[in-house]
Amino acid sequence: MIGIRTSLSSNGSAQQSSKSTTGPASVVDDTALVPRQAPALRTLDDVREQVSQEIAIHTITKAKSFDGVRIGVRLVLSKSEDEDFLRRVVGKIQHQLTLNHHLFAIATAAQPAILSSPISPSSQSRQLLPLSTPSPSTSGLGNGSLVICGSSEELVQRAVLLASSKFIGRIVAATTEEDGLWVSTIQDLGIPPYDEEALWDVVQKAARRPMDPLAPPPGSKGIDDILAEARSKLQRITPAQAFEELRETQVGAPTFLVDIRPQAQREREGGIHGSLIIERNVLEWRFDPRCASRLAIADRYDLRIIIFCQEGYTSSLAAYSLHQLGLLNATDIIGGYDAWRNAGLPIDLDRRESRSLVSLAGSVV
């Protein structure tokens, strides 16, 4: 076959050249004449799937780590089909964090209206839920859905208890599903500005690592340390010293012996005649000169108050408490009532029928 090739010369005139070729005839490509098939139209379900994936990735990206647990909160705008969409988001989060400890609260905020037209790329970036027309059975005006998911049942249950307290009186319905999700409907969810902060507080406190019950919290003290600290501020006296001090005819300040034991103990063990009966739970109110419930005698800060309990432990803490009120002359008896009785000092074994006016006054605050 003879092929003719035409080219232009430098002056623009046409030139022909011939070239002899052998072989099969040239064939026109028929595929170029076939019209291309139009891309398949995206369905609403496809759009919802894409948006749920974007929200899940963004939520994981913004998640925080607290005590070894990834925690996150996300509120999205919605109008209907809330729970179905939230389950999609939650499913993708859990799939991405299968090997990590995690706890997330994903919710739809109640809104009067959202986009009803097809979702455009710009609206997708705002992450509104692409939804169908709401029906009366699914469009709860003023209600939002909340789904809590986690890597363990214990994490979810902690979050559920905290969320129930945070949204008390607003939870319309709630259920724990077989896959461990907690799904609830909450009135006006997302409308109060503190709802998102409340959810963050829920997941953070729920993710907090449980304290070792045998490890005391920082700054705490054992009762032995507290008692030793209290006694270091007192000048404690023996029963004999207390007895002599009470019998002293000339004292610089009024002196009182105060029995702070409960009534049942006084009735069982007896008492000391002439002591003021003021039970421990009202002691400070009776002797604080600033307090309206004080006794008539508690009108000055230099009172000498000698306190006793049964064995001399509670009395030390009580006397130190009076020191904190400014009653610096308060003290207690070493060994308490037991030591007084063992020392052979006077006791009254029949106190069950005698109640002083001070005892009556000590029954109320």
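According to the square roots a ≥ b ≥ c of the eigenvalues of the Cα gyration tensor, what is the shape class of region 247-310, taking rounded for a/c under 1.5, prolate for a/b larger than b/c otherwise, and oblate for the remainder? Oblate shape, in that a/c is at least 1.5 and b/c is the bigger or equal ratio.
Annotation for His95 and Ser164: the two label points, set 7 Å from Cα along the Cα-Cβ direction, are 3.2 nm apart. Judged by the gyration tensor of its Cα atoms, with axes a ≥ b ≥ c, region 223-348 is rounded; a/c sits under the 1.5 cut.
The calculated FRET efficiency for the pair Ala173 and Glu49, based on their C-beta separation and a Förster distance of 22 Å, comes to about 0.25.
Arrange the residues Trp200, Trp340 by how much accessible surface each exposes, largest first, with a 1.4 angstrom probe.
So the residues, ranked largest to smallest area, are Trp200, Trp340.
Accessible surface for region 238-295, divided over its residues, is 53 Å² per residue with a 1.4 Å probe.
Just to confirm a number: summing +1 for Lys and Arg and -1 for Asp and Glu over residues other than Phe66 whose beta-carbon lies under 10 angstrom from that of Phe66, what do you get? Around Phe66, the surrounding residues sum to +4.
In the structure displayed, which of Lys166/Lys221; Lys64/Lys221; Lys62/Lys205; Lys92/Lys205 lie more than 29 Å apart, Cα to Cα?
Lys166/Lys221; Lys64/Lys221
For region 223-348, relative contact order (Cα pairs under 8 Å, six or more residues apart, normalised by length) works out to 33 percent. Taking amide H atoms as placed 1.01 Å from N in the peptide plane, the amide H of Ile307 lies under 5 Å from those of Val258, Thr331, Asp332, Ile333, each 5 or more residues away in sequence or on another chain.
Averaged over residues, the count of other Cβ atoms within 10 Å places the peptides 212-220, 180-188, 326-334 in the sequence 326-334, 180-188, 212-220, highest first.
The values are calculated or read from the model by the stated rules, or taken from the named source; none is laboratory data. Remember, it's a predicted structure, so these values are computed and weren't measured experimentally. A quick note on method: Cβ atoms are made from the backbone with ideal geometry, for glycine too, and the neighbour counts reach across all protein chains shown. Keep in mind that these areas ignore ligands, DNA and RNA; they rest on the heavy atoms of the full protein, side chains included. Shrake-Rupley method; radii C 1.70, N 1.55, O 1.52, S 1.80 Å.
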